[in-house]
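Chemist: Dumping the structure here so I can ask a few things about it.
The values are calculated or read from the model by the stated rules, or taken from the named source; none is laboratory data. Quantities reported herein were computed from a predicted structural model and do not represent experimental measurements. Cβ atoms come from the backbone with ideal geometry, glycine included; neighbour counts cover every protein chain shown.
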């Protein structure tokens, strides 16, 4: 998907802006270097687009965190300016959960639980971020019939994550790309996680379509905006110059 095509689709969708959050994953388990990018080139492309389109176009990054890469990620991020930094976990114990081997000899509780433990460790050590990305990412590819991170099954570790985010003023992202059918199964969001975030003092929720294809930009935003509202939040947020900007739901 080209950046220009993404902007054109954003305009056609009636959205007022978009943010490009290119991936940074250092030292991937497979040695894949596709998830490295040049922020200067990203900024140059955005500047060109701003000359032709009136919508707001922002510059972001989604950093993939692993315990052994936190220092390298920090050095990279500190060397550049972004409107928002999303912190995500894509690999667990140097294994990609997109692939089957991660789940060998693991039941649902241990597979999902280890993922959440990795999230908490990484964000508690690497605090230079604004948004926790797709906290239930692992449900996209897991082989289990239960395709959700249920608060009732992981209350202790989820509380650690949610209380940390609330205390630090960080945002929890609801990522609509997660809630798509894959292999005839569709993950779903446990609204009790959102409700608990509100209970422990969480104030900032973002909504992202994680659109790797232009036609998916803004996918299911109306549906999930209403769901977020039903959990007690009156606003959703996006970030500009690392500051939260709120929009009423």
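Chemist: Can you find a residue in segment 165-175 that is modelled with pLDDT under 95, within 28 Å of residue 121 (Cβ to Cβ) and over 18 Å from the mean Cα position of the chain (by Cα)?
Modeler: Pass one, segment 165-175, residues modelled with pLDDT under 95: none.
Within segment 165-175, not a single residue is modelled with pLDDT under 95, within 28 Å of residue 121 (Cβ to Cβ) and over 18 Å from the mean Cα position of the chain (by Cα).
Chemist: So which of 20, 76, 35 ends up being modelled with pLDDT under 95 and within 21 Å of residue 131 (Cα to Cα)?
Modeler: Numbers: 20 fails: modelled with pLDDT under 95; 76 fails: modelled with pLDDT under 95.
So the residue among 20, 76, 35 that is modelled with pLDDT under 95 and within 21 Å of residue 131 (Cα to Cα) is 35.
Chemist: Additional query: Of the residues that make up segment 196-210, is at least one out of contact with any strand residue (DSSP E or B) (no Cβ under 8 Å at 6 or more places or on another chain), modelled with pLDDT of 95 or more and on the phi > 0 side of the Ramachandran plot?
Modeler: yes
Chemist: In segment 10-58, which residues are over 21 Å from the mean Cα position of the chain (by Cα) and under 15 Å from residue 210 (Cα atoms)?
Modeler: none
Chemist: Scanning segment 74-87 for residues that are outside any loop (DSSP other than H, G, I, E, B) and touching a helix residue (DSSP H, G or I) at 6+ places or on another chain (Cβ under 7 Å), which turns out farthest from residue 60 (Cα to Cα)? Before you say what the answer is, go through the steps one by one.
Modeler: Within segment 74-87, the first condition is being outside any loop (DSSP other than H, G, I, E, B), and the residues that meet it are 74-78, 84-87.
From what's left, touching a helix residue (DSSP H, G or I) at 6+ places or on another chain (Cβ under 7 Å): 85, 87.
Values: 85: 6, 87: 11 Å.
Result: 87.
Chemist: I've got another one for you. Return the pair list, or none, for Cβ contacts closer than 6 Å from residues in segment 13-25 that are within 24 Å of residue 73 (Cβ to Cβ) to residues that are surrounded by fewer than 16 Cβ atoms within 10 Å (Cβ to Cβ) and at pLDDT below 95, at least 6 apart or on different chains.
Modeler: 22/37; 23/35; 25/35
Chemist: Say whether the condition of being within 20 Å of residue 134 (Cβ to Cβ), part of a strand (DSSP E or B), in contact with a helix residue (DSSP H, G or I) (Cβ under 7 Å, 6 or more places away or on another chain) and touching a residue at least 12 places away in the same chain (Cβ under 8 Å) is met by at least one residue in segment 64-72. It would help to see each step written out before you state the result.
Modeler: To start, the set of residues in segment 64-72 that are within 20 Å of residue 134 (Cβ to Cβ) comprises 64-67, 69-70.
Next, from what is left, pick out any that are part of a strand (DSSP E or B): 64.
With in contact with a helix residue (DSSP H, G or I) (Cβ under 7 Å, 6 or more places away or on another chain) added as a condition, the list becomes none.
No, the conditions are met nowhere in segment 64-72.
Chemist: Got at least one residue in segment 50-63 being free of Cβ contacts under 8 Å to residues at least 40 places away in the same chain, buried (at least 18 other Cβ atoms within 10 Å of the Cβ) and not in a strand (DSSP E or B)?
Modeler: Just the residues of segment 50-63 that are free of Cβ contacts under 8 Å to residues at least 40 places away in the same chain, to begin with: 50-52, 54.
Imposing the further condition that a residue be buried (at least 18 other Cβ atoms within 10 Å of the Cβ) reduces the set to none.
So far as segment 50-63 goes, no, none of its residues is free of Cβ contacts under 8 Å to residues at least 40 places away in the same chain, buried (at least 18 other Cβ atoms within 10 Å of the Cβ) and not in a strand (DSSP E or B).
Chemist: Among the residues of segment 88-103, write down those that are in a loop (DSSP other than H, G, I, E, B) and touching a strand residue (DSSP E or B) at 6+ places or on another chain (Cβ under 6 Å). Before you say what the answer is, go through the steps one by one.
Modeler: The initial filter retains those residues of segment 88-103 that are in a loop (DSSP other than H, G, I, E, B), namely 89-91, 93-94, 96-99.
Matches in segment 88-103: 90 only.
Chemist: I've got another one for you. For the subset of segment 196-212 comprising residues that are over 16 Å from the mean Cα position of the chain (by Cα) and in contact (Cβ under 8 Å) with a residue 40 or more places away in the chain, which member is nearest to residue 244 (Cα to Cα)?
Modeler: Out of the qualifying residues, it is 202.
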